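Here the structure comes first, spelled out in structure tokens, and everything after it is commentary.
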Amino acid sequence: MAIQWLRCGHHVYVVSTWYGSRAACSMLFHLLLQTVKTLQSAGVSPGQPHLLLYDLDVGKDEEKAVNDLSQAASGGSLYVIVDEVVSEFSQMFGFKNIQTLCDKLLSRVPRLHLWAASCFHEHTPAGWQVEYLTRPLRSPPAVVREVEQDEKITKARDVHPYSERRVPDHTDGPPVKRLFHRYHSDSNDKPSDCVKCGRELASFLHSLRVGVTESSTTTSTTLSSTSGGTSPCLQWRDMLVLYGIHVSDSSGIVKGMQEAGIPVRVMKDYEIEDVATARSDVVWVTHGGHVRGLERKVVVCLYDPYYLLYKYSSIEVCQLSTARLDLMSRCTSQLVIVSRHY
């Protein structure tokens with residue numbers, strides 16, 4: 001929809017409403033910038049995309065967002081895209097951030113065009129049109145089977161279950177790789193603190209033949225395509241390591257990967273754009289809730305079956321059983337699960 005608006009010459013405002021949507025909105029913004037360049041090279045005079053960052057949790061930035069967007073309206077018309085609109089914080093505590101934003105904008109902008117996306121389905125403003133996109137077209141069946149076991153789908157029902165794919169599955173996808181952390185003298189009970197787990201993980205990632213270009217006449221793996229004379233090789237930027245419990249530069253699993261020659265970096269706040277655009281050819285390590293909407297061919301899930309820890313300002317929140325939804329759903333091909341051994 002945003003591309004159509006740009007083709008018509010409208011300014012399009014990509015709005016991030018909380019920290020966890022920064023990556024998705026940044027990626028979308030850069031994709032729209034590329035679209036603008038393509039249109040311009042074809043002789044079209046498109047509109048321009050704009051990226052606006054807010055934090056609407058517990059009412060913060062709400063008035064600023066409404067004022068900024070109202071002032072941006074041109075001739076009473078405004079074009080807005082909001083991705084990953086509902087945060088875990090507002091989901092848990094029932095805050096109606098998106099409803100309030102939409103209602104206030106609609107009262108000030110007579111011709112408001114606003115599209116918003118979220119995996120949570122109970123936050124739609126009254127009277128707005130809703131479409132449920134539940135076909136699993138991005139991840140292979142092997143990954144879908146893991147994700148659909150999440151309790152937010154099966155028990156809490158905060159997220160709609162998958163529907164039928166309705167297109168042929170040419171492959172089940174690579175088998176899910178499971179690495180089990182065992183208690184070692186040099187680690188505690190978390191795989192994220194284990195150097196040996198990092199080395200074992202690195203060994204598997206090296207086995208995926210990163211950087212190898214295969215001829216289209218050879219048998220290609222599911223991690224690459226066979227278009228053209230050569231198939232694109234797998235790169236380090238095609239991988240993400242996602243966690244729910246804190247991981248730092250000094251964590252054992254990071255050290256183990258580094259020792260084994262993996263170019264791995266733990267994402268800092270100022271590096272969200274780099275991660276979103278896959279600019280650096282490195283394996284990024286980050287909290288799964290901080291990169292909602294991003295996808296990679298290879299996703300490593302540091303899985304703790306008990307809880308994920310979210311931090312909002314000075315508030316720490318334990319959220320049960322969301323590792324499958326928050327972490328594994330980011331995978332489009334090879335899923336790796338590193339967990340405790342029981």
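The values are calculated or read from the model by the stated rules, or taken from the named source; none is laboratory data. Since this is a predicted model, take the numbers as computed values, not measurements. Quick reminder, even Gly has a Cβ in these numbers, built from the backbone with ideal geometry, and neighbours come from all protein chains shown. These area figures cover heavy atoms from the full protein model, side chains too; ligands, DNA and RNA do not enter into them. Shrake-Rupley method; radii C 1.70, N 1.55, O 1.52, S 1.80 Å.
Taking the range 58-85 as the search range and keeping residues that are touching a residue at least 12 places away in the same chain (Cβ under 8 Å) and polar (S, T, N, Q), which one is farthest from Ser118 (Cα to Cα)?
Ser74
Let's see how each residue does on (1) basic (Lys, Arg); (2) in contact (Cβ under 8 Å) with a residue 12 or more places away in the chain; (3) not in a loop (DSSP other than H, G, I, E, B):
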residue: Leu242; (1), (2), (3): no, yes, yes
residue: Ile245; (1), (2), (3): no, yes, no
residue: Asp249; (1), (2), (3): no, yes, no
residue: Lys255; (1), (2), (3): yes, yes, yes
residue: Ile272; (1), (2), (3): no, yes, yes
residue: Ala276; (1), (2), (3): no, yes, yes
residue: Asp281; (1), (2), (3): no, yes, no
residue: Trp284; (1), (2), (3): no, yes, yes
residue: Gly289; (1), (2), (3): no, yes, yes
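Go through (1) within 16 Å of Trp115 (Cβ to Cβ); (2) open to solvent by less than 10 Å² (accessible area, probe 1.4 Å) for Trp5 and report which single condition fails.
(2)
Can you tell me which of Ser21, Ser45 is assigned to a loop (DSSP other than H, G, I, E, B) and of a type in the set (Ser, Thr, Tyr)?
Unique residue meeting the criteria: Ser45.
Which one of the conditions (1) of a type outside the set (S, T, N, Q); (2) at pLDDT 95 or above; (3) within 22 Å of Leu31 (Cβ to Cβ) does Val291 fail to meet, given that it meets all the rest?
Among (1) of a type outside the set (S, T, N, Q); (2) at pLDDT 95 or above; (3) within 22 Å of Leu31 (Cβ to Cβ), the lone unmet condition for Val291 is (2).
In the range 48-63, how many are modelled with pLDDT under 95 and assigned to a loop (DSSP other than H, G, I, E, B)?
So the count comes out to 5.
Looking at this structure, is Lys190 open to solvent by less than 60 Å² (accessible area, probe 1.4 Å) and of a type outside the set (A, V, I, L, M, F, W, C)?
yes
Condition first: in contact (Cβ under 8 Å) with a residue 40 or more places away in the chain and either over 17 Å from Cys8 (Cα atoms) or open to solvent by less than 10 Å² (accessible area, probe 1.4 Å) (or both). Now tell me which residues in the range 26-48 satisfy that.
Ser26, Met27, Leu28, His30, Gly47
Among what's in the range 324-342 and is assigned to a strand (DSSP E or B) and open to solvent by 20 Å² or more (accessible area, probe 1.4 Å), pick the residue that is modelled with the highest pLDDT.
Per the stated criteria, the residue is Thr332.
Looking at the range 84-129, which of its residues are open to solvent by less than 40 Å² (accessible area, probe 1.4 Å), among the aliphatic types (A, V, I, L, M) and at pLDDT below 90?
Val85, Val86, Ile98, Leu101
Of all residues in the range 218-266, how many are modelled with pLDDT under 90, open to solvent by 50 Å² or more (accessible area, probe 1.4 Å) and under 19 Å from the mean Cα position of the chain (by Cα)?
Here the count works out to 1.
Assess whether Ala23 counts as being more than 30 Å from Ala156 (Cα to Cα) and either in contact (Cβ under 8 Å) with a residue 60 or more places away in the chain or surrounded by fewer than 15 Cβ atoms within 10 Å (Cβ to Cβ) (or both).
So Ala23 fails the test.
Residues in the range 158-167: is at least one over 19 Å from Ala323 (Cβ atoms), in a loop (DSSP other than H, G, I, E, B), open to solvent by less than 100 Å² (accessible area, probe 1.4 Å) and of a type in the set (A, V, I, L, M)?
Checked against the condition, which is being over 19 Å from Ala323 (Cβ atoms), in a loop (DSSP other than H, G, I, E, B), open to solvent by less than 100 Å² (accessible area, probe 1.4 Å) and of a type in the set (A, V, I, L, M), the range 158-167 yields at least one hit.
Mind checking which residues of the range 255-284 are among the small types (Gly, Ala, Ser) and farther than 22 Å from Asp193 by Cα?
Ala276, Ala278, Ser280 - these are the residues of the range 255-284 that are among the small types (Gly, Ala, Ser) and farther than 22 Å from Asp193 by Cα.
Could you look through the range 130-155, keep only residues that are open to solvent by 80 Å² or more (accessible area, probe 1.4 Å) and part of a loop (DSSP other than H, G, I, E, B), and pick out the one that is farthest from Val167 (Cα to Cα)?
Lys155
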